[in-house]
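The values are calculated or read from the model by the stated rules, or taken from the named source; none is laboratory data. From a predicted model like this one, the values you see are computed outputs, not experimental measurements. Here Cβ is always computed from backbone atoms with ideal geometry, including for glycine, and neighbour counts include all displayed protein chains.
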Amino acid sequence: MTENPMDGPPEPGSQWYDGEAGPLVRPYAMTGGRTQPGPTAVRFDLIALVTLVPASPALDDDTPLGPEHRTLIELCRTETQSVAELAADADLPVGVIRVLLGDLLELGCVSVSRPVPPAHLPDERILREVIDGLRAL
């Protein structure tokens, strides 16, 4: 939002409001000033897959989770999603998503898995030989 210098000084608090977008919340406010996902040893790559743990007691309404945490839980409720998908769907920066996912992981609300690295996938030559063998039948 740009201020017109002819309008005079901005009203107090107006820097936190955008006429089109509404109230603005800085990312560090959503994460409590944290930039790292906490003591978890999990790396939240963009392609890491996040799955909701439905039996988690932390999913009760009594657990003090913020609205952003609840948004991530709702997004994961229907299907497993990547960190990149969650960031896009929640319309939040990836850094914020990583911190929030770290909180949810510590509470046992979600599990995180990484897709199989390309080095561990079967060689393309072997797959072609299998296809050729199946076609020969």
- prompt: Which members of segment 47-87 meet the condition of being surrounded by 13 or more Cβ atoms within 10 Å (Cβ to Cβ), out of contact with any strand residue (DSSP E or B) (no Cβ under 7 Å at 6 or more places or on another chain) and closer than 19 Å to PRO115 by Cβ?
  reply: ALA84, GLU85, ALA87
query: In the list LEU100, LEU86, LEU92, LEU104, which residue meets the criterion of being in a loop (DSSP other than H, G, I, E, B) and either of a type outside the set (Asp, Glu) or in contact with a Gly (Cβ under 7 Å, 6 or more places away or on another chain) (or both)?
result: LEU92
query: Out of all the residues in segment 102-125, which are surrounded by 10 or more Cβ atoms within 10 Å (Cβ to Cβ), out of contact with any helix residue (DSSP H, G or I) (no Cβ under 7 Å at 6 or more places or on another chain) and modelled with pLDDT of 80 or more?
result: GLY102, LEU105, GLU106, SER111, SER113, ARG114
message: Looking at segment 69-85 only, could you name the residues that are among the hydroxyl-bearing types (Ser, Thr, Tyr) and either touching a helix residue (DSSP H, G or I) at 6+ places or on another chain (Cβ under 8 Å) or farther than 13 Å from LEU52 by Cβ (or both)?
response: THR71, SER82
- prompt: What number of residues within segment 56-83 are at pLDDT below 85 and not in a helix (DSSP H, G or I)?
  reply: 8
statement: Contact list, first residue from segment 98-115 and touching a residue at least 40 places away in the same chain (Cβ under 8 Å) and within 20 Å of THR78 (Cα to Cα), second anywhere and of a type in the set (Ser, Thr, Tyr) and assigned to a strand (DSSP E or B), beta-carbon distance below 8 Å, six or more apart or interchain, is LEU105/SER111; VAL110/THR51; SER111/THR51; VAL112/THR51; SER113/THR51
